[in-house]
Structures are given as C-alpha cells and as structure tokens.
Amino acid sequence: MAEVFARLSSRAIALGLGTLLLVAACSTGGTTGNQGASSTDVTVWTAWGGDELKAFRDVLKPFTDKTGIKVHITTNRDSTNQIANGIAAGTDLPDVAPGPTDPTQVKSWVSKGALKPIETALGSDQFKSYIDNTYPALTTPPSGQSDNPYIGVINGKHYFLMVKTQVKGLFWYNKKVFTGTAPKTFDELLALNPSQYGGAKNIFCAGFESGAASGWPASDQIDNIIMRQSGDQIYTNWIQGKVKFTDPAIKLGYQTFLKEVSGSTVFGGSNTALSTNFAKAGDPLFNSPPGCLFLEQATFIANFFHQNKGVTAGTDFDFFAHPSMGKTEFDGNVNGFYDQFSMYNDTPAARQLLQYLATKDAQQIWANAGGTLGAIKTLTYNDPIYKRAAEIANGAKNLLVTAGDFMPSDMQKAFWQSLLNVTRDPGSLDSQLKHLDQVQAAAYTTS
Amino acid sequence: MDQIITAAVAVVAVPLVLLGYIVLGERVIEALPDRLQVAIRPYFWALPAIGFATIFMIYPLVRTVIISFRNSEDSDWIGFANYKYFFTFPDTLTSLRNSLLWLIFYTSISVILGLVIAILLDRVRYESLAKIAIFLPVPISAVAASIIWKFMFDYQAPGTPQTGTLNALIGTIGHEPVAWLINSTTNNAALIFVGIWTVTGFCMVIISASLKAISTEVLEAARMDGANEFQIVRLVVTPLLWPTITVVGTTMIINALKTFDIVYVMTNGAYDTDVIATQMFSQLQHSHYGRAAAVGVVLFIAIVPLLVVNIRRFQQQEEQR
C-alpha cells in the first residue's frame, strides 16, 4: 500500500499543486470582476423581483446609457441580515442597498460608519432640492427633533434616500355596488347597512392569511385605528415599547379593530377572514350578490383586483381615505411605507447612482410603470388611483410607518399572532394583551 | 462561474490535500522504527476524521452550550436566565406541550400503523401495489406535503363553494366547513396527521423488510402448535420484530422532536401550534441567540438517551454477527 502511494506521490503532488494554483488564480480573477469598487461599476441589492425588478431596470437604463456606469443588481430578500453579518465580519458590502428598518440597527450602523450620509452623496444643492421635492413626512422628523430612525434621520443627517412610497389604510369599494358618499367618520362607516347596496352581505371583507407572515393585514387595520384614535405620539411610543399593550389606548384600538372583524360585520365570519389570503380578500367585492362593501388595504391591492377579477381602477373600483376616528387633531396621521436606498460604500459611481435616483426623471419612470407612488411630490400619474393616493400622501401631516415592521421581530410576530387570536376568540382579548406585555418586556431587552 | 470553481475546489482540491497528507505522512512513518509505526499509524489515519468531527460537531456543540449561558450580544454571562425563560414563558411552554403531543401521537401512530400495514399486506396478493401506494408520500418533501395538505384543509366562507377537499367532503353530508388549521381543537391534530401521512410508508417498509426475514418455519411451527393468527402476531412475530420496532420508534421520536417544516409551512406556529424546533428558529430569527442555544441544548439533552438506545441496539446487532 505504502509503496503504491510513494510511487504515485510525486506526480500526484505536482498535479495537485498545479490544479490548486490554477483554481486559486481563476477564483480571484472571478471575484474581482464582480466588485463594484471601480468608478464604472456599482453593486445594488434590492428585495424587488418580478415586475418591480423590471421597473427598476427600466429606471436604471437611462442612467447606464448616459454615464456608462454598470449597475449590478442582486435580488436579496435577506439583505439586512447579510449586511449586518458583513459589518460584523468586516467583509464586502454592496455599494447601495436598502437601509435597516430596525431603529437600533440604524443608529448602530451610523455610529459604525457603515451608512454614509445622503447629504454627501447628493451634494448640498441637490440635497436641498431633494428635501424640497420629496413628501415632507418621508424626510422631516417631527418638529424640533433631530432624530427619526424610522425615516433614517440621525443627528440631523439623512441616511435613507427615499424613492417610492405607498399609502395604507384605504377603503376600497366596487363602484357599481357602493354608490353612497364616503363616510366621514368611523361610526358612520359602521352604521352603514350593507344590504341597501346591491344586497351585500357584510360591511367589510378581510383576509389575514399570508403564509409565515399571517396577521400583517390585520396589523395594518389596527395601526390605522390607533394612530387616528390616540395620536402619533402614543403610536410611536408604542412601537418603541414605551407604551404597554394593556395601556387603555392600545386596548381601545384592539376593541375597535374587533368591530371590523366581528361575525356580523365581516364577510363569512372570523374564520373566513383568518383563512383568506390577503391577495384574494377583495374578491367578494365583485361577486353578485356582493359579499361585502369595503376592503381596507394599501394602494398595491389595485393590481390584485385587476389580476383576480379583471376590473379596472377608476371605472370599476375606487377607494376613500380612512375615515376619522372622531379626533380631528389626528386626522392628518397617514399610514404609509416607502422604499429607500442607503449608501454603504462611498464611491463616485454609487454617488452618481443616488444622485440620479433622487431626480424627478428617474422617479417618473417608476410612476409610469404603475403600482407605486414615487417619493417626489410633483410626479404625474396616469392611473387615477395613484393620482388620488398622491394627494393623500401630500396632505399627510405625519406619514407614520407600520407598527409591526418597526418592532423587534419577536414582538412583531407576537403582535400579528395576537390579532389572529383575538379575531378567532374576542373573549381572549385581556389574556392576549397581558401576554403581549410579557413579550414586550422580554423583546426590548438584549438577553 | 464562482460556484463552479468553489465546487471544483471542494471536489478536487480537498481530496488532493487529504491524499497529500496520507502520502507524505506514510513516508515519514515508514522511516520510523517498526514498533513506533504500529503505535502511530491508526491515530495518523484517524486524525482527519477526528479533525472534521471536532470542527464541525464537537466545537459547535460546546459553543452552543456556552452561548446558552450568555446574553444575545454574547457580551455577558447571565447564568440560567435563558433556560428559565424557556421553562417559564407561556409561548415556549406551549411549544413544549405541542412537541410532547407530536412525540406521543406522531411516534405511536406512525409506528403502529406501519406495523399493522406491514403485517396485513404480508398476507395479501396485491402486496407490492398496496405498499407502493402507502410509500408514495415518503419521497415527497415535507414542504411540498405541507402545501398539498394546506389545500386539503382549505376553508372558504360558509355558503360559498369549498375548495378544500375535506370541507367539500363534509359539505356533502351537510356539515358546516371546519377551519382545520385555525380551530384549536383540530389544528395540532391536523399537523400531526400530515406528519404521520408522510412517514407511515417509511415505517412500513422497514418493518416489512424485517418481517420478510422471519423464517416461515417458525410461523408454521406455531400454527402446528395450535396458535391462531392473533396469537402468532402477538407472541411470535412482534417479539421477533422488536429490535426493528425499537430502531424505527426511536428514529420517529427524534423526528417528532425536531419537527419543523410542516409547522413552519402550514401555520408558522400561529394559533398555538409552535413546536420546540420552530421556537428555536424564531428565537434565532429574532437575534436571541442565547435563548435559541438554550432551546437547542434542551432538545439535544432530550435526544441523547434515544441516541444511546439506538447505538446500544446497533452494538448488540454487531455482536450477534
């Protein structure tokens, strides 16, 4: 045995070493080609796929044509975690990628220097026009404050470049069924008699199922209630874990939410709301006789109506804004979300890309592609739905983020599941809230 | 391109390095006196395997135990706080209860069904056909099986056409649809049922193979002595199958304890269906590494006795040969 090896050895080793060297040479050659540190390449991570990715490529085309800078896009739905690992390990980061949503992460990445200010990327002139042209709620912290990690503002500096936005908490209806005027208050909404409108069965439709993220549509509904019922201050403090779930304001929010999903108000009863996927929740709007009058959902749902039922925005269906909860001082609170980019490597190419994405020309391409609002106020929309959504975004006093998305992830999961549980069994409300307090106490600590 | 190079490195370079280690090492050892050669050679050959096991199994194990006593930032010792959390927090207690349900019902039903089916099919002519039918779910990945069953359990508003097979069926006898995965009396049972459906075929095949190994002479002798078929199954076949049943059973217990995919895909732990493994995963997801490690350690401690039983069983079988 040993002799065989001995005879084989010298040749094998020579061959092996040769292969290794070759492999090493190839692999280093291969990786440098993908890095964006040069002035003609920029690497971008995004969570977009499908049509959204296609729209993004369309947005980038004029940029590449004009500057010759190649944009290497990677669809990465786990980018925050991977970037966090990259920062911890000191490995390569993408040049441009979405910033983190967790406020503590935003602060920590800024202090570590991983996030580069948008001010430097855009230069002072363009930065000023960016602030002037973008929806104020996306760039301006509440008056007198220098921080709002939810929109990426730390110590007065901006770390998110806002590019797209959506408005949540809209009530969608079939124009052929609901012919009345939009109710001004939530009480007026609940007082409607659905059978007067084409024999509809219930006031609301709902669908809370969304695979592993089930419950988020319900959380949008309660968020829109709480921010208008108890105000942005309590709402934001609650997200940050400074207001308990058993607090009367939050409990009132849950109780009001339950009015939207009780057996008599929601189509098919609570089990139907729990079992129905959010994307199909609005289908009964278009059945005959209609299952319900309204579905509460964000702007994006228009695409699903069109896809599922072949109906057209503006002619077949429309929406009205969330009615007042009876507190006029909080009527300017609007629930929305946004897409943003942060700069992780301050290269000339990355700066140029962000400068381009902040322009009206770039964002108009997104607006034309449909399915979203841009972040700039003065874009034009062909779609009547987005034209009106833009008005709502523009009129917003505070554009408030969705609560669950900005809670620690275990809090988020417990929050979403609590909404499913109280929908299933409203009698469990108090025990659910007490349990959420326990989760809250454990989630906001580091142990 | 990069992936191909990485694969090439793994397939070509790693064995080459190992080959180089053996060739060069053997040369050195051959130069030693004979007695020393005999003493050193086994360790020399076993070293790479021990090295791999240390790096990829023992080190992570030790590290997990250490992490379970530290905070999520890994910056401070916090004693048994993570374990206290695991054994006192309502969510983790629910997952512990559910894992126990899985352990009892998933294991017993799948093994008993496997045994009964194997014995029954042993006595019919269309055996292989029936076996194929029962084995069919085994190669389906748990995720695909979960999605299939999600459709089966589907629920639509009462009074509208039911797209879920089960609700359509009970609708034909005029029963209201049941929200199988939401209703707390049915949801855990529904999930465990899916688990049993995917694994019964496996239990059956293993038990059936060992059943075929029982010589017909033994059975004939029993019949000659006047035993009826029930007595034969109870007093002759089952004891002879016992070693196999233990191995299948312990494997199923381990499966039950580490159940993850079915729960994750079908409910993600909503409506009180979490199990230990999904709990560990969500702790990881929420960056509570200490708590996740504590769950892992508890799970490991629960599985160790079963591993010991299994290894003993293997050793006994080795000795019998």
(1) farther than 22 Å from B:VAL275 by Cβ; (2) touching a residue at least 12 places away in the same chain (Cβ under 8 Å); (3) away from chain A (no Cβ under 14 Å) all hold for B:TRP197 apart from (1)
Residue pairs qualifying under the 8 Å Cβ cut-off, at least six apart or on distinct chains, with the first in the range A:297-324 being under 19 Å from A:ALA369 (Cα atoms) and the second being surrounded by fewer than 18 Cβ atoms within 10 Å (Cβ to Cβ) and among the β-branched types (Val, Ile, Thr), are A:HIS306/A:THR312
Residue selected from the range B:240-273 under the condition more than 19 Å from B:ILE196 (Cβ to Cβ), part of a loop (DSSP other than H, G, I, E, B) and not small (Gly, Ala, Ser), by the criterion nearest to the other protein chains (Cβ to nearest Cβ) | B:ASN268
Quick one: A:VAL311 ticks every box in (1) farther than 20 Å from A:ASP425 by Cα; (2) in a helix (DSSP H, G or I); (3) β-branched (Val, Ile, Thr) except a single one, so which number is it?
-> (2)
Test: A:LYS128 is in a helix (DSSP H, G or I), more than 30 Å from B:GLY269 (Cβ to Cβ) and either within 17 Å of the chain's Cα centre (by Cα) or of a type in the set (Lys, Arg) (or both) | yes
Please indicate, with yes or no, whether at least one residue in the range A:422-434 is within 10 Å of chain B (Cβ to nearest Cβ), farther than 30 Å from A:GLN307 by Cβ and assigned to a helix (DSSP H, G or I).
-> yes
When every residue in the range B:148-160 that is facing another protein chain (nearest Cβ under 10 Å) and not aromatic (Phe, Trp, Tyr) is compared, the one farthest from A:CYS205 (Cα to Cα) is B:LYS150
Scan the range A:180-188 and give yes if some residue there is touching a strand residue (DSSP E or B) at 6+ places or on another chain (Cβ under 6 Å) and of a type in the set (Phe, Trp, Tyr), otherwise no.
-> no
Of residues in the range B:274-290 being in a helix (DSSP H, G or I) and facing chain A (nearest Cβ under 8 Å), the one surrounded by the most Cβ atoms within 10 Å (Cβ to Cβ) = B:GLY290
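Kindly provide the set of residues from the range A:344-379 that are part of a loop (DSSP other than H, G, I, E, B), over 28 Å from A:LEU93 (Cβ atoms) and touching a Lys or Arg at 6+ places or on another chain (Cβ under 8 Å), ordered by number.
Across the range A:344-379, the qualifying residues are A:THR378, A:LEU379.
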Does B:GLY296 count as assigned to a helix (DSSP H, G or I), among the small types (Gly, Ala, Ser) and more than 14 Å from chain A (Cβ to nearest Cβ)?
-> yes
Number of the exception - A:GLY269 against (1) surrounded by 16 or more Cβ atoms within 10 Å (Cβ to Cβ); (2) over 22 Å from A:GLY326 (Cα atoms); (3) under 28 Å from the mean Cα position of the chain (by Cα) | (3)
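Go through the range A:76-107 and count every residue that is outside any helix (DSSP H, G or I), more than 16 Å from the chain's Cα centre (by Cα) and among the β-branched types (Val, Ile, Thr). Steps first, please.
Looking only at the range A:76-107, we keep the residues that are outside any helix (DSSP H, G or I), and these are A:76-78, A:90-102.
Applying the additional criterion that residues be more than 16 Å from the chain's Cα centre (by Cα) yields A:90-96.
Filter once more, keeping what is among the β-branched types (Val, Ile, Thr): A:91, A:96.
The number of residues fulfilling the criteria is 2.
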In the range A:156-201, which residues are assigned to a loop (DSSP other than H, G, I, E, B), touching a residue at least 40 places away in the same chain (Cβ under 8 Å), among the hydroxyl-bearing types (Ser, Thr, Tyr) and in the same structural domain as A:GLY310 (by TED's automatic domain parsing)?
-> A:TYR197
Could you please give the count of residues in the range B:166-179 that are closer than 25 Å to A:THR423 by Cβ and more than 9 Å from chain A (Cβ to nearest Cβ)?
-> 7
Does B:ILE192 meet the test of being in contact with a Gly (Cβ under 8 Å, 6 or more places away or on another chain) and in a helix (DSSP H, G or I)?
-> no
Members of the range A:214-244 found to be aromatic (Phe, Trp, Tyr), away from chain B (no Cβ under 14 Å) and farther than 20 Å from A:PRO323 by Cα, listed by number | A:TRP238
Filtering helices (runs of 4 or more DSSP H) wholly in the range B:14-129 for at least 2 residues that are within 14 Å of another protein chain (Cβ to nearest Cβ) and not β-branched (Val, Ile, Thr) gives B:14-30, B:34-53, B:81-88, B:90-101
Please find, within the range A:265-286, the residue that is farthest from the other protein chains (Cβ to nearest Cβ) out of those that are part of a loop (DSSP other than H, G, I, E, B) and polar (S, T, N, Q).
-> A:THR265
When you go through (1) over 25 Å from B:SER184 (Cβ atoms); (2) out of contact with any strand residue (DSSP E or B) (no Cβ under 9 Å at 6 or more places or on another chain); (3) aromatic (Phe, Trp, Tyr) one by one for B:TYR289, which number turns out not to apply?
-> (2)
Out of the residues in the range B:292-321 that are modelled with pLDDT under 80 and among the charged types (D, E, K, R), which is farthest from B:PHE87 (Cα to Cα)?
-> B:ARG321
What number goes with the only condition from (1) in contact (Cβ under 8 Å) with a residue 60 or more places away in the chain; (2) among the acidic types (Asp, Glu); (3) surrounded by 21 or more Cβ atoms within 10 Å (Cβ to Cβ) that A:ASP410 does not pass?
-> (1)
Scan the range A:338-345 and give yes if some residue there is out of contact with any strand residue (DSSP E or B) (no Cβ under 9 Å at 6 or more places or on another chain) and either of a type outside the set (Phe, Trp, Tyr) or in the same structural domain as A:GLY211 (by TED's automatic domain parsing) (or both), otherwise no.
-> no
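The values are calculated or read from the model by the stated rules, or taken from the named source; none is laboratory data. Quantities reported herein were computed from a predicted structural model and do not represent experimental measurements. Every residue, glycine among them, receives a Cβ derived from its backbone with ideal geometry; neighbour counts consider all protein chains shown.
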